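Peer 1: Have a look at the structure that comes next, please.
The values are calculated or read from the model by the stated rules, or taken from the named source; none is laboratory data. This one's a predicted model, so the numbers in the text were calculated from it and none came from an experiment. Note that we place each Cβ from the backbone using ideal geometry, even for glycine, and neighbour counts take in every protein chain shown. Note: areas computed on protein heavy atoms with side chains; ligands, DNA, RNA excluded. Shrake-Rupley method; radii C 1.70, N 1.55, O 1.52, S 1.80 Å.
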Amino acid sequence: KYKALFEAHIEQGPILENAGKDVGVVTCVLGQMLYRIKFYGFAAHAGTFPMQLRHDAFYAASMANCYIHEEINKLMEAENVPELVYTTGEVVIHPCVTTVIPDFFDFSIDVRHENPEILNKVREILFSLEKREWNGCKCEVVLGWNRDTVYWDKTLVGYVRESVEELGYSHMDI
């Protein structure tokens, strides 16, 4: 019967390389939240509909995406949390035709940090999008899912740390 499992990962390599360390001792799985940011405009013919009357959902989403990055970057600096990470990764556009102004645009944002208070501050930034004007388009922020930080067993983490030290490798907690 297995009592524990240790798993090696390479995706922390750039962090270790930048810190000049050989091994990362993983202490937890970061808290994570995934939201969908949706914009609703209206479709019209791209060749004839006047620019000042357009409610382009793609353009609205691009404005909001820039705003999100600016605000989260300000939060990272104000709270001194350079380890906060976020990614806008998946997009859906409708009708996805070159000759039609998009009436719908949806993108994901994945946010990760150990401290739930920091995640809540990012959540406030995200929900503030619904209260702002985005090129005449309505914005909706929808939770995809949320996970609290999961801390590994301290004894097992200690075994990893002791082993790394016995072998003479430089290390850091990740």
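Peer 1: On the given criteria, is Ala78 surrounded by fewer than 16 Cβ atoms within 10 Å (Cβ to Cβ) and farther than 30 Å from Leu5 by Cα?
Peer 2: When the stated conditions are applied, Ala78 passes them.
Peer 1: Okay, moving on. Of the residues in the range 96-124, how many are closer than 19 Å to Glu71 by Cβ, in contact (Cβ under 8 Å) with a residue 24 or more places away in the chain and open to solvent by 70 Å² or more (accessible area, probe 1.4 Å)?
Peer 2: Final tally of qualifying residues: 3.
Peer 1: Continuing with the same structure: Would a scan of the range 51-58 turn up a residue that is in contact with a helix residue (DSSP H, G or I) (Cβ under 8 Å, 6 or more places away or on another chain) and surrounded by 13 or more Cβ atoms within 10 Å (Cβ to Cβ)?
Peer 2: No, the range 51-58 contains no residue that is in contact with a helix residue (DSSP H, G or I) (Cβ under 8 Å, 6 or more places away or on another chain) and surrounded by 13 or more Cβ atoms within 10 Å (Cβ to Cβ).
Peer 1: Which residue pairs have Cβ atoms under 8 Å apart, sit 6 or more places apart or on different chains, and have a first residue in the range 125-141 that is within 22 Å of Leu53 (Cα to Cα) and part of a helix (DSSP H, G or I) and a second that is modelled with pLDDT of 95 or more and hydroxyl-bearing (Ser, Thr, Tyr)?
Peer 2: Final answer for the pair search is Leu129/Tyr67.
Peer 1: Quick check on my filter: what residues within the range 8-41 are open to solvent by 80 Å² or more (accessible area, probe 1.4 Å) and in a loop (DSSP other than H, G, I, E, B)?
Peer 2: Once the filter is applied, which keeps residues that are open to solvent by 80 Å² or more (accessible area, probe 1.4 Å) and in a loop (DSSP other than H, G, I, E, B), the range 8-41 yields Ala8, His9, Ile10, Glu11, Asp22.
Peer 1: Give just the number: which of (1) in a strand (DSSP E or B); (2) hydrophobic (A, V, I, L, M, F, W, C); (3) open to solvent by less than 30 Å² (accessible area, probe 1.4 Å) does Val91 not satisfy?
Peer 2: For Val91, the failing item is (3).
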